[in-house]
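What follows is a single structure, written as structure tokens, with notes after it.
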Number of protein chains: 2
Amino acid sequence: MNKLTIVKAENLKAKPDSDHLGFGQYFTDHMLVMDYTEGKGWHDPSIVPYGPIALDPSAMVFHYGQEVFEGMKAYKTAEGQFSLFRPDMNLKRLNISCERMSIPQVDPELLLDGITQLVSLDKDWIPEGEDTSLYIRPFIIATEPCLGVRAAKQYKLLVILSPVGSYYPEGIHPVSIFVEDEYVRAVRGGTGMAKTSGNYASGIRAQEIAKLEGFSQVLWLDGVEKKYIEEVGSMNVFFKIGGEVITPELSGSILAGVTRDSVMTLLRSWGIQVIERKISVAELFEAAREGKLEEAFGTGTAAVISPIGTMKWGEEQIAVAGGQTGEISKKLYDSITGIQKGVLEDPFGWRNIIV
Amino acid sequence: MNKLTIVKAENLKAKPDSDHLGFGQYFTDHMLVMDYTEGKGWHDPSIVPYGPIALDPSAMVFHYGQEVFEGMKAYKTAEGQFSLFRPDMNLKRLNISCERMSIPQVDPELLLDGITQLVSLDKDWIPEGEDTSLYIRPFIIATEPCLGVRAAKQYKLLVILSPVGSYYPEGIHPVSIFVEDEYVRAVRGGTGMAKTSGNYASGIRAQEIAKLEGFSQVLWLDGVEKKYIEEVGSMNVFFKIGGEVITPELSGSILAGVTRDSVMTLLRSWGIQVIERKISVAELFEAAREGKLEEAFGTGTAAVISPIGTMKWGEEQIAVAGGQTGEISKKLYDSITGIQKGVLEDPFGWRNIIV
Ligand SMILES: Cc1ncc(COP(=O)(O)O)c(C=O)c1O
Ligand SMILES: Cc1ncc(COP(=O)(O)O)c(C=O)c1O
């Protein structure tokens, strides 16, 4: 990989109103681009003005979906600095995804350096409002123009930046969940542990149906027995049952979330027991019926903590924490966003000051 | 959908040597393009010079893989006409795939009309050599520039054409198969019955490993029990056991191949019994050990019939039909390609003369 070149945009775009950012709708003035060619490796990293990319219609990504991506955020800290949250975890996971999808590995240090320079250049785009941040989306697509079904010999890596508001327009707020028992997101032996486009494509239909029925997100069960809980929407999921916090163990079809890891670390530092194990939806509903299900929440970069207010499985619907945001959900949300924004101590060295 | 407009290429490309076409490496002078916008439907179909497409880097297809495609072929017949093979089946399947992937339906008649006009315009690209044809690749990608995980509101449909030689450089020739029991291509409740990019992405790694070990293709087992045979590579699969032909029943995770349907129809018309049912890899190997496995072959548009010469499952390797092309495999290949090329009668009305 040669030296990063920078071509600055001649005209800067008007910034969007930070009260109505939504998620992933606006993009900054620049992007990072880097190409891979077999025999040559990754080459010519450059920061260029944000704009369309031209691909041959036979580019393999359009046909066989060889793709990986990541999602992380940059925050403006209380002291006016800029920080990333545990970017090393995202870059490590990017390479895990690459391995599963037969995409060449990327040097994490060089990519982090590129991302840092990109965010610095577009730092005026980092919004300041509560619950806002700059979402960073690195992704790699197979660009070789060929219809053979095999790993491509050419790829393009891009990093784009989007100022975002809170993932849910209402902010931290309990959501309603539909337990999906027809469609499956991922199965062991498949690609569920990788962050690759096909996993999301396969979930869209179930998500649409759940929306139509008035639910916010889908709870995914394992593909083999359709019995064990895997994830909720595009988040990992946690349950507080009888004083103990349980999250599904990484099974091969679950994405290893950075927020999941952070939540487990925080809970343990607070003296709360966290258990990673298989948990069936039957066990969960049984606990709810017995009044032992104290809290439930999803975790992910986009929403950080997303409390679950109600869940429907077949004909049965349960309320969690009286439909309110639970105590632990709130404390986790405040702690993680506090560390991210630099208003709280950072005991685990998660905050990565970049500018 | 409004009227098709045609913009002809000013400079026509040189045609490739028809002895070395390979598969999906060369593309013709034109392509069909049509856009979808929510509220407006599919609009502005046009045939334009083949060339790169420009997409916003946030186009949803790059992130969440909402995509479907088809694969069919045009042939030059003995009388110098041009024909398609059962295009109605491909267009029906395109819409089945669209439904699964939450992509808006396409009017099959209008699309067939567009494809016909495109092939007519580029008919000089239909190669004449034995085992050659013009491969037709319709595909639809989500183009809306947004990072929200949901169905897109904008799509682009394209049809590109590629003159192709035989799928395997050796022509019809028995291949070696590796029974994959770690990685999974698809699972019931997933997207295996749709022709969508993620299914192919998930298979690439297993295919690469099999190649390294000297095998040509992977035999996929069901995602739930890893016991029942589903497909081989990107083909459906048939076995002749004790005089009877067996193919895995459509389970929801198997693609309903047009060639599969044609093979069943032909075999039945020849008085050979064809059974669609679950078949386990254990049963198959048992039959081979007892000398009852007479033939095995894959079926698909690309290779038509691909005889299986050897299969390896765990430590056990079996030869099929003495490693030769079986009688039925050969007869099916000759019959289907004969109908396609117009050298044989077309009793089922499969040949679709277009020019
Ligand atoms: C499928 C899926 N599960 C879980 C997560 C949570 O991962 P993280 O906490 O790293 O954002 C994500 C990403 O946000 C995801 O896409
Ligand atoms: C996964 C898969 N199975 C089976 C087939 C065979 O289908 P068809 O005979 O319609 O080409 C294909 C496509 O070629 C395929 O991609």
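The values are calculated or read from the model by the stated rules, or taken from the named source; none is laboratory data. Keep in mind the model is a prediction, meaning the values are calculated, not measured. Using ideal geometry, Cβ is built from the backbone for each residue, glycine included, and neighbour counts are taken over all protein chains shown. Surface areas here come from the heavy atoms of the whole protein model, side chains and all, with no ligands, DNA or RNA. Shrake-Rupley method; radii C 1.70, N 1.55, O 1.52, S 1.80 Å.
For A:PRO108, place a label point 7 Å from Cα along the Cα-to-Cβ direction in every copy; what are the distances to the other copies, in nm, shortest first?
Those label-point separations list as 5.0 nm.
7 Å along Cα→Cβ for the label point: how many nanometres lie between A:GLY314 and each equivalent label in the other copies, listed shortest first?
Label point to label point, same position, other copies: 3.6 nm.
About its Cα centre, what dipole magnitude does chain A give when the only charges are +1 on Lys and Arg Cβ and -1 on Asp and Glu Cβ, stated in debye to the nearest 20? Could the numbers behind the result be given before it?
Values: 35 positive and 47 negative charges, 114 e Å.
The dipole magnitude comes to about 540 debye.
Given a 1.4 Å probe, show me the residues in the range A:187-229 buried by at least 30 Å² of accessible surface when comparing the whole protein assembly to the chain alone.
Residues of the range A:187-229 that lose at least 30 Å² of accessible area once the other chains are added: A:VAL187, A:ARG188, A:GLY189, A:SER197, A:TYR200, A:ALA201, A:SER202, A:ILE204, A:ARG205, A:GLU208, A:VAL224, A:LYS226.
Would you rank B:THR77, B:THR337 by solvent-accessible area, highest first, keeping every protein chain in place and using a 1.4 Å probe?
Greatest to least solvent exposure: B:THR337, B:THR77.
Looking for one value pair here: nearest-to-axis residue in chain B (by Cβ) for the rotation onto A, and the distance in whole angstrom.
Per the Cβ-to-axis criterion, the result reads B:GLY198, 1.
Would you kindly derive the ³J(HN,Hα) couplings of the range A:197-209 from the backbone phi angles with the Karplus curve 6.51 cos²θ - 1.76 cosθ + 1.60 (θ = phi - 60°), listing them in order in whole Hz, with x for Gly and Pro?
Karplus values, whole Hz, x for Gly and Pro: 3, x, 5, 7, 4, 5, x, 4, 5, 4, 4, 5, 5.
Only Cα pairs within less than 10 Å get springs; with that Gaussian network setup on chain A, which residue of A:THR299, A:THR132, A:THR265 has the largest fluctuation?
A:THR265
Please tell me the relative contact order of chain A in percent, rounded to the nearest whole number, where contacts are Cα pairs under 8 Å and at least six residues apart. Don't jump to the answer; show the numbers that get you there.
Working: 753 pairs, mean separation 66.0, N = 355.
Once divided by the residue count of chain A, the mean separation gives 19 percent.
Checking an interface number: how much accessible area is buried between A and B, summed over both chains, with a 1.4 Å probe, in Å² rounded to 100?
By this definition, chains A and B bury close to 4900 Å².
So what's the angle, to the nearest 10 degrees on a 0 to 90 scale, between helix B:87-100 and the longest Cα principal axis of chain B?
90
With the label 7 angstrom out along Cα to Cβ, how close does A:ASP346 come to the same site in each of the other copies, in nm, nearest first?
6.9
Let me have the relative contact order for the range A:26-107, percent, based on Cα pairs under 8 Å that are six or more residues apart.
About 19 percent, as a whole number.
Note the angle between two axes, namely the Cα long axis of helix A:108-121 and the longest principal axis of the Cα atoms of chain A, as a number of degrees from 0 to 90, rounded to the nearest 10.
80
Per residue of the range B:293-302, what does 6.51 cos²θ - 1.76 cosθ + 1.60 with θ = phi - 60° give for ³J(HN,Hα)? Whole Hz please, x for Gly and Pro, Karplus curve as stated.
7, 8, 8, 8, 7, x, 10, x, 4, 5
Let's see if you can work this out: charge +1 on each Lys and Arg Cβ, -1 on each Asp and Glu Cβ, no other charges. What is the dipole magnitude of the range B:175-340 about its Cα centre, in debye to the nearest 20? Please list the in-between numbers first.
Working: 17 positive and 22 negative charges, 81 e Å.
In total the dipole reaches around 380 debye.
Just the number, please: carbon plus sulfur as a percent of the accessible area of the protein assembly as shown, 1.4 Å probe, no ligands or DNA/RNA counted.
After summing per-atom areas, the C and S share lands at 49 percent.
Go through the range B:318-331 residue by residue and turn each phi into a ³J(HN,Hα) via Karplus (6.51, -1.76, 1.60, θ = phi - 60°); whole Hz please, and just put x for glycine and proline.
Once rounded to whole Hz, the list reads 10, 9, 10, 6, x, x, 9, 6, x, 5, 5, 4, 5, 5.
Can you list the residues, at least 5 places off or on another chain, whose amide H is less than 5 Å from the amide H of A:GLU249, using H built in the peptide plane?
Residues meeting the criterion, in which the H sits 1.01 Å from N, are A:ARG277, A:LYS278, A:ILE279.
When we measure straight from the Cα of B:LYS92, which aspartates and glutamates land under 17 angstrom away, once same-chain ones fewer than 8 places off are left out?
List returned: B:GLU67, B:GLU70, B:ASP107, B:GLU109, B:ASP113, B:ASP261.
Once amide H atoms are placed 1.01 Å from N in the peptide plane, what residues at a sequence separation of 5 or more from B:LYS73, or on another chain, have their amide H within under 5 Å of its amide H?
Correct list: B:PHE85, B:ILE136.
Scan chain B and hand back the longest stretch that contains none of the GluC sites (Glu not before Pro) lying in DSSP loops with at most 14 other Cβ atoms within 10 Å.
B:80-127
With a 1.4 Å probe and every protein chain left in place, tell me how much accessible area B:MET235 has, in Å² to the nearest 10.
20
Heavy-atom accessible area per residue, the range A:39-195, 1.4 Å probe: how many Å²? Walk me through the numbers before you get to the answer.
On the way: 4810 Å² over 157 residues.
That works out to 31 Å² per residue.
Using a 1.4 Å probe on the heavy atoms of the protein chains only, list every residue of the range B:45-81 that has 50 Å² or more less accessible area in the complete assembly than in its chain alone.
SASA drop of 50 Å² or more in the range B:45-81: B:ILE53, B:PRO57, B:PHE62, B:HIS63, B:TYR64.
Between the chain alone and the structure with every protein chain in place, find the residues of the range B:145-159 that drop at least 20 Å² of accessible area; heavy atoms, 1.4 Å probe.
B:CYS146, B:LEU147, B:VAL149, B:ARG150, B:ALA151
Check which residues have an amide H placed less than 5 Å from B:VAL237's amide H, if you skip close sequence neighbours.
B:VAL232, B:THR299
What angle, in degrees between 0 and 90 and rounded to the nearest 10, separates the Cα long axis of helix A:258-269 from the longest principal axis of the Cα atoms of chain A?
50
Using a 1.4 Å probe and counting only protein heavy atoms, arrange B:VAL224, B:VAL281 so the residue with the most accessible area comes first.
Sorted by accessible area, descending: B:VAL224, B:VAL281.
Along the charge dipole of the range B:66-133, pointing to its positive end and built from +1/-1 on Cβ of Lys, Arg, Asp and Glu, which listed residue (B:ASN95, B:LEU111, B:ALA74) has its Cα farthest out?
It is B:ASN95, whose Cα lies furthest towards the positive end.
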